[in-house]
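Single-structure report; data block below.
Derivation of every value follows stated rules applied to the coordinates shown; laboratory data play no part. Treat the numbers as computed from the prediction; the structure is a model and nothing was measured. Note that each Cβ is placed from the backbone with ideal geometry, even for glycine, and that neighbours are counted across all protein chains shown.
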């Protein structure tokens with residue numbers, strides 16, 4: 001019905017002219033005293049031929065409309081898909097659309113190339129920055145002064161930020177390096193704990209962890225990355241007290257006794273770039289850590305969520321039940 005109404009609107013002028021001409025001829029024949037029978041016969045004959053032309057025109061209109069609908073639903077437009085008509089204006093419009101489509105596709109290809117070059121550059125940069133970091137860490141091993149310990153702690157943070165940048169690039173890459181299988185959860189947690197042990201000691205924050213039993217279906221490297229981000233956040237916003245890691249009923253929990261998250265900020269902490277009140281207080285947050293955790297967990301089919309109270313601490317939970325994976 002919608003298509004028929006559209007067809008009528010498109011041909012309203014032609015139909016109106018037909019009716020006007022018919023009335024003009026009928027009026028003239030009436031004034032000259034021509035009998036009604038031949039006038040009616042001529043009118044019906046013209047009407048019949050007009051209906052045949054209208055039906056053929058409607059079939060052509062419907063076919064063109066169907067092609068356009070198909071093109072619209074399957075963008076980007078490919079050359080030759082737009083219908084060819086005998087309307088010079090529509091053909092010119094089609095050529096304009098095709099030219100704009102080609103320009104758009106060329107720009108998309110250019111932007112993809114630029115993005116690929118940028119990713120290659122940052123990937124190389126992150127790998128190269130690790131060399132001077134390792135060199136400085138080796139130089140500091142022979143000394144154990146307070147200043148050396150402070151420098152080591154800051155170097156550790158730089159290394160973590162560089163690693164986060166690399167994982168960010170990898171996560172957005174069209175090629176993933178996920179290795180999904182069953183892993184010992186205790187092994188994954190312990191390697192993260194060992195990595196952050198010096199930072200906990202320096203910050204004088206107690207780390208509570210008891211052996212976790214069981215295996216989980218995940219990617220070892222990426223899950224370790226998430227745990228390390230959570231430990232980094234816990235140390236960053238906990239000035240006294242403890243950080244605890246627990247694993248029960250397939251749910252991994254990292255809890256701290258830090259400053260906590262306000263109820264207004266809690267629903268948005270996994271959004272990209274969102275820092276919240278706690279992050280703005282000391283300009284410590286980039287708003288990327290928890291965003292990356294959420295993105296990794298989504299791809300691995302793990303659910304991540306949080307609960308927190310201001311002044312009492314935060315708990316981040318990762319549900320490691322075997323769910324549907326979202327790996328592209």
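For region 181-319, the calculated P(r), taken from all Cα-Cα distances in 10 Å bins from zero up to the bin holding the longest distance, is 12, 46, 35, 7, 0 percent. Considering all alpha-carbon pairs of region 2-74, what whole percent are spaced by more than 18 angstrom? The calculated P(r) of region 2-74 puts 54 percent of pairs beyond 18 Å. Take every DSSP beta bridge whose two residues both sit in the chain; close to 85 percent of them are antiparallel. For region 92-250, the alpha carbon positions stretch 75, 43, 27 Å along the principal axes, listed from largest to smallest.
Give me the one-decimal nm value for the distance between modelled label points at residue 155 and residue 67, 7 Å along each residue's Cα-to-Cβ direction. So the two model labels end up 6.9 nm from each other. Shape analysis of the chain yields a ratio of the Cα radius of gyration to the Kirkwood radius, Rg/Rh, of 1.34. Spin-label pair residue 17-residue 41: with each label point 7 Å from Cα along the Cα-Cβ axis, the two points sit 2.8 nm from one another. In this rough spin-label picture, where each label sits 7 Å from Cα along the Cβ direction, the residue 165-residue 186 distance is 3.8 nm. Once you reduce region 121-164 and region 15-49 to the center of their Cα atoms, the two points are 96 Å from each other.
Extension gain for the segment residue 131 to residue 298, taken as residue separation times 0.36 nm less the Cα-Cα distance, is 56.9 nm to one decimal.
Helix-only arithmetic for the chain: the sum of -39500 (n - 2.57) across DSSP H runs with n ≥ 4, divided by the residue total, places the mean residue ellipticity at 222 nm at -21500 deg cm²/dmol.
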